[in-house]
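*Asks:* Here you go, one structure.
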Amino acid sequence: KMVSFLFAAASLVVGFISGFTFFSYSGTTPVNVFHFLFLFVFPQLLLLCALPATIALNKMRRTPDLLGGNRKYLSALLAYSAEKLAIQRDKAVSTEHQLVFRRNLGLLNVVRQKYAAIATWPFFKLLQKSMISLNSGLLLASVLKISTRALAFGWQSTIQISSTALYNILKSLALPWSWLVPSEYAHPSLSAIEGSRIILKDGIYHLSTQDLISWWPFLILCLFCYGLLSRLLLLGFGSLMERRALQQLSLDTPDLKDIRRRMETPIITTQATPLSHTD
């Protein structure tokens, strides 16, 4: 719990400082929304998209019918390579030591296959808690800056992207909340996108203030949905999978029975040995 608290506290501070320092507006150059999206939203969105593929690959790796032969081959290759390295490092390695090394490597492989899920999900939950704190700090700093400063938002890019194409992209990103939030807050309109495009040679004085401030609800909702809310859902998913892994864990295996027997068998006795009577 202490490690989880320290990670969460550090992530909260990092998120707050990152958000507080990002929203700086000198009055001549608006905040580029592309910078915000590429720094705080798109990386988290890519991780969310990669998560199902990662879980599917791990499941395939644990399936004997698909990868069992390859896994045995890799384990044997690893054992052979490690044994050769040990022999080269110490020419006097005895056959007994080699057998002990192979046995320990086999036990490690068995433990990894049996208890990998139990060790993986707590780390997964710790990562989600850290990301929740990070996004909470970002949201807190963003709302604080937007509510206390007169910020302006615009967009510019060397890539010749049209306002219509950008509008379709933003509309797709806003699908998770567009059914709940009014359209004027769900994402910028096409006219607002065209009116907030920054052209360096023209400056920003000809741009409408209403268009420059129309971006902030969309940015906050992106951060909330793809950052905070998604991590809360993943935390619940991780807790469910951890509970499932613990329920599927069998405690009747020979190795666990041997450990329990050794723990329950006393090795120290306080009973005095009977004295022998001599005539």
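*Asks:* Residue 23's amide H: which non-local residues (gap 5+, or another chain) put their own amide H closer than 5 Å, with H modeled 1.01 Å from N in plane and none for Pro or chain starts?
*Replies:* For residue 23, whose amide H was placed from the backbone, there are no distant partners under 5 Å.
*Asks:* Still on this structure: Grab the other residues whose beta carbon is less than 14 angstrom from that of residue 127, score K and R as +1, D and E as -1, and report the net.
*Replies:* Details: positive: 125, 129, 231; negative: 242.
Computed value for this residue: +2.
*Asks:* Right, here's the next one. I'd like the accessible area for residue 18, computed on protein heavy atoms only with a 1.4 Å probe and all protein chains in place. Round to 10 Å², please.
*Replies:* Estimated to the nearest 10 Å², residue 18 gives 40 Å².
*Asks:* A further question follows. Quote the charge dipole size of the range 181-247 about the Cα centre in Debye, to the nearest 20; the model charges only the Cβ of Lys and Arg (+1) and of Asp and Glu (-1).
*Replies:* 380
*Asks:* Ordering 181, 3, 33 by how much accessible area each has at a 1.4 Å probe, largest first, what is the list? Before the final figure, lay out the partial values.
*Replies:* Details: 181 35, 3 85, 33 0 Å².
Largest accessible area first, the residues go 3, 181, 33.
*Asks:* For 2, 263, 241, what's the largest-to-smallest order of accessible area, 1.4 Å probe?
*Replies:* Values: 2 125, 263 155, 241 45 Å².
Most to least solvent-accessible, the answer reads 263, 2, 241.
*Asks:* Quick one: how many Å² of residue 211 are accessible to a 1.4 Å probe, rounded to 10?
*Replies:* 30
*Asks:* Express in Å², to the nearest 10, the accessible area of residue 209 obtained by rolling a 1.4 Å probe over the protein heavy atoms while all chains stay in place.
*Replies:* About 100 Å², ignoring ligands and nucleic acids.
The values are calculated or read from the model by the stated rules, or taken from the named source; none is laboratory data. From a predicted model like this one, the values you see are computed outputs, not experimental measurements. All Cβ positions, even for glycine, are placed from backbone atoms using ideal geometry, and neighbour counts span all protein chains on display. Ligands, DNA and RNA are excluded from the accessible area calculation, which covers all protein heavy atoms including side chains. Shrake-Rupley method; radii C 1.70, N 1.55, O 1.52, S 1.80 Å.
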